[in-house]
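A quick write-up on the structure given underneath.
The values are calculated or read from the model by the stated rules, or taken from the named source; none is laboratory data. Small disclaimer: the values here were computed from a predicted structure and weren't measured. Here Cβ is always computed from backbone atoms with ideal geometry, including for glycine, and neighbour counts include all displayed protein chains. Ligands, DNA and RNA are stripped out before the accessible areas are found, and what is left, the full protein with its side chains, is counted by its heavy atoms. Shrake-Rupley method; radii C 1.70, N 1.55, O 1.52, S 1.80 Å.
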Amino acid sequence: MSGAVFEPPLRNPKDIFISDQDCRSFMTNVILQARNLRKEFGGLVAVDDVSLDVAPGTVHSIIGPNGAGKTTLFNLLTGQYKPTRGQVFFKGQDITHVALHRRAHLGMGRSFQITNIFPNLTVLENVRLAAQALNRSQFNFFRRADSFKDLVTRAYEVIELVGLRELALSPATVLPHGGKRKLELAILLVADPELLLLDEPTAGMASEQVPELIKTIDTIRQKGNKTVILVEHNMNVVMNISHRITVMNLGKLLAEGSPAEISADKTVQNVYLGGLYGDAIEGTRHE
Amino acid sequence: MPVSWRRTLQSNWFHVLVLLFLVMFPHLVGWITGDSPLGVGGRPRGQSVFWQLIFIELFIFAILAMSYNLMFGFTGVISFGHALFFGMGGYILGLVLEKTGAASEVGLAAGVIIGIVVCGVLGLIIGVVSLRLRGVYFAIFTLAVAEMFAIYIGRWPVTNAEDGFVLSNLPAFLNPARDRLTYYYLVLILMIFTFLFIRRLINSPTGSVLLAIRENESRAQSIGYNTLIFKLLSITLAGMIAAGAGMLQVILTKKVGPEILTVSFTVDPLLMTIIGGVGTFSGPVIGASVLHLSERIFNREFIIGSMSINIGQNWSLILGIAFILVVMVFPQGIVGTWAKWRAGKKTTLE
C-alpha cells in the first residue's frame, strides 16, 4: 500500500461529521470501506444506508438474524449486486462498478454459502484453475495445461494444506460435504488474496467441525497477514476470532464494536433474545 | 522409436486403427467389390466411388458436429443457430467464386479466407449481443438470427433466391464429381486436423477455462476469469470451423442454395453430438458415423417375403425414437457411457 491518502467524496451533510472512530480508521488505513450502501429490490429495501470500515489484518464479522440483510450486504461488497446507492472502496480504489472477475485480480477472494465448485473436474483441476486465473497462461491454447508446472505445484501445495492430497485426482463431485468445503477453501487460498470474504463458511457443517474450521481461518489470517470478512448467522461462532463485529437488523446497521462491546449491547441482546433467534446467543452465555 | 512417441501411440492406438481403416477404406471397398476406387470405365462409378461419397458426407458432418461440441459440450453454450455458420461459409465461398469473376484458384483461396473470417466476425457479433443471455434465451436468440438469414437469403435475387446457384468455377483438382478420391483424402485430412485442433485446445490452459465455464460459470468469474471473452472465443472458433464444413459441403454438391441454411444443419450436429457423447473428443465423430451410416443403410425399401417395408419414409420417426431412447437411457451418449463403463470396471478390479 503506497500510503495513498484516501478521502471518500462527500455525499450528504451527514458525512461532514466525522467521529473519533472514523478518524482512527482513516489513519489505520482501511482496506475495505462501504459508504452509505443501499440496495432496493423493487419496493423492498434490503440494505439501508450501511457504512462499514474494515481494518487490514483483522477479522471483521457481520452478524444478524435471518432477513437482516447480511447476505445482500455481502453481495454488495463482493460485487454480485450493484448498489442502488452508495460506494465500495478497496484499498482506496472505488470498486463499486468493477467487474466480478477484476476483483479477484485486485486481491479479493470470496467463498459461497452453498458449495460452489467445478463438480466434474478433478480436485487438482479445480485448484489449478484458480491459480491460473491470475496468470497470463490462460490465453495460451497450444501448450498442455499441465505443462505449466509452477501452477500445478502451487495447486498441490494448497491441496496439501487443506488435507485433500489423497483425493487430488478424484472428480470434485465424489468428495463428502466436508471435503467440498475444504476444496472451496483451497480454491480461495491458492490465489493468495489479501481480503477473504466468507459467506457463512460453517453453513451445513456438523457442529463439532465448526471450531476446527474457525481455527483454520484464523491461522490462515495470521500466517498470511490477511483480512477476513465473515458473514455469520450464529453469533457464537464469531465471538472468539473477531476483532470487530457489525450487527445488522432489518437492513440497517444496529451496532458495531469489539466482541465484548457487542455482547454487552442491550439492543443487540433485544434483537437476538427478543426475536425468534434466542438460540443464536445461547453459546455466548455459557462462556 | 523415442519413448514419448511410443506413449502417444499407446494411448491413441484406437484412433490410429480408425485412421488406418479410413485411409485404406476406398481401396478396401474396391478390392472387395472389384470396382476401382478411381471409378469404372474412366467414369466415377462403382461401389468404391459410391461409398467414398457417403464417407465424405460423414466427414463433413463430423467436422460440423465437432464444432458444435466445442460450444455445447466443452463450453456449455447451447446454440440453435449453428446452421447459420455452415450455410454462410458455403454462400460466401460460392459468391466469391462465381460472382467476382476471379480466377478459380484465386477465388477459392479468397473465398475460403473471407468466408472463415466473416463467419468468425459473425460469431463474435452474435456473441457480444447475446452471450449475456443465459441458456434457453441465448438458444432462442441464435435460432432467430439463423432463421432470419435463412429467410432473407432464400429471397435474395443475387443468389437466385430459392433456386440457389451452381459452382462452375472450381479449380480442376477440386472436382468431386470427376476425381472423388482426392476429395475424400482432403476432407479426411481436414477432419483429422479439426479433431487434433479441438483436442489440443481443450487440453490447453484456455481450454481448461472453457470447461470451468461449462461446470460453473459464476464460480469461474469469481476466481478471476472474464468468462465472456472465453465464451466469445468458443463461439467464434466453432463458427469458423462450421463455416469450413459448409464450404466442403458446397464443393461436394457443387451447388449453393438456401437448404444449407436450414435448421436441419443445427439439429443434425446436435443429435450427433448427443448420441455420440457430449463433451467427449470422439463422440461427435462417432455420432455422425452412426447417424449417417444408419440413415444410408436403412433409408430404403426392405422386402421380406411378400411384404415390403419402406423405412426411408419413416426415417425421421425412427430417428426421433432413437434419440429419445439415447437421452433417457444413455444421457452421456455412446462414448460417455463406454468411458463410464470402463472406469467402473477399473475401480471394481482394484
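You will find that of A:Ala168, A:Ala172, the residue that is away from chain B (no Cβ under 11 Å) and either touching a helix residue (DSSP H, G or I) at 6+ places or on another chain (Cβ under 8 Å) or open to solvent by less than 20 Å² (accessible area, probe 1.4 Å) (or both) is A:Ala168 and no other. For the stretch B:198-211, residues that are surrounded by fewer than 24 Cβ atoms within 10 Å (Cβ to Cβ) and more than 8 Å from chain A (Cβ to nearest Cβ) total 3. Would you point out the residue of the stretch A:116-130, among those that are part of a helix (DSSP H, G or I) and facing chain B (nearest Cβ under 9 Å), that is most open to solvent (accessible area, probe 1.4 Å)? The residue in question is A:Glu125.
Restricting attention to the stretch B:117-171, the residues being in contact with a helix residue (DSSP H, G or I) (Cβ under 9 Å, 6 or more places away or on another chain) and closer than 21 Å to B:Thr75 by Cα number 22. For the stretch B:47-60, which positions are open to solvent by 30 Å² or more (accessible area, probe 1.4 Å) and either hydrophobic (A, V, I, L, M, F, W, C) or at positive phi (or both)? Within the stretch B:47-60, B:Phe50, B:Trp51, B:Leu53 qualify. Might you let me know whether the stretch B:212-228 holds any residue that is more than 14 Å from chain A (Cβ to nearest Cβ) and open to solvent by less than 30 Å² (accessible area, probe 1.4 Å)? Among the residues of the stretch B:212-228, not one is more than 14 Å from chain A (Cβ to nearest Cβ) and open to solvent by less than 30 Å² (accessible area, probe 1.4 Å), which makes the answer no. Look at B:Phe281 and say whether it is within 14 Å of chain A (Cβ to nearest Cβ), open to solvent by 10 Å² or more (accessible area, probe 1.4 Å) and either among the aromatic types (Phe, Trp, Tyr) or in contact (Cβ under 8 Å) with a residue 24 or more places away in the chain (or both). Judged against the criteria, B:Phe281 is not a match. Just one residue in the set B:Val158, B:Val166, B:Val128 is within 30 Å of A:Phe139 (Cα to Cα), over 20 Å from the mean Cα position of the chain (by Cα), surrounded by fewer than 18 Cβ atoms within 10 Å (Cβ to Cβ) and more than 14 Å from chain A (Cβ to nearest Cβ); that residue is B:Val128. Taking (1) more than 13 Å from A:Leu185 (Cα to Cα); (2) more than 7 Å from every other protein chain (Cβ to nearest Cβ); (3) part of a helix (DSSP H, G or I); (4) modelled with pLDDT of 85 or more in turn, A:Asp146 satisfies each apart from (4). Is one or more of the residues making up the stretch B:1-23 surrounded by 15 or more Cβ atoms within 10 Å (Cβ to Cβ), touching a residue at least 60 places away in the same chain (Cβ under 8 Å) and outside any helix (DSSP H, G or I)? The answer is no, given that none of the residues of the stretch B:1-23 is surrounded by 15 or more Cβ atoms within 10 Å (Cβ to Cβ), touching a residue at least 60 places away in the same chain (Cβ under 8 Å) and outside any helix (DSSP H, G or I).
Checking each residue of the stretch A:140-155 against the condition of being buried (at least 19 other Cβ atoms within 10 Å of the Cβ), of a type in the set (Gly, Ala, Ser) and within 21 Å of A:Val54 (Cβ to Cβ) gives no match.
What do you reckon, is A:Leu32 modelled with pLDDT of 80 or more and of a type in the set (A, V, I, L, M)? Against the criterion (modelled with pLDDT of 80 or more and of a type in the set (A, V, I, L, M)), A:Leu32 qualifies.
Number of residues in the stretch A:43-96 that are open to solvent by 40 Å² or more (accessible area, probe 1.4 Å), out of contact with any Asp or Glu (no Cβ under 8 Å at 6 or more places or on another chain) and polar (S, T, N, Q): the value is 3.
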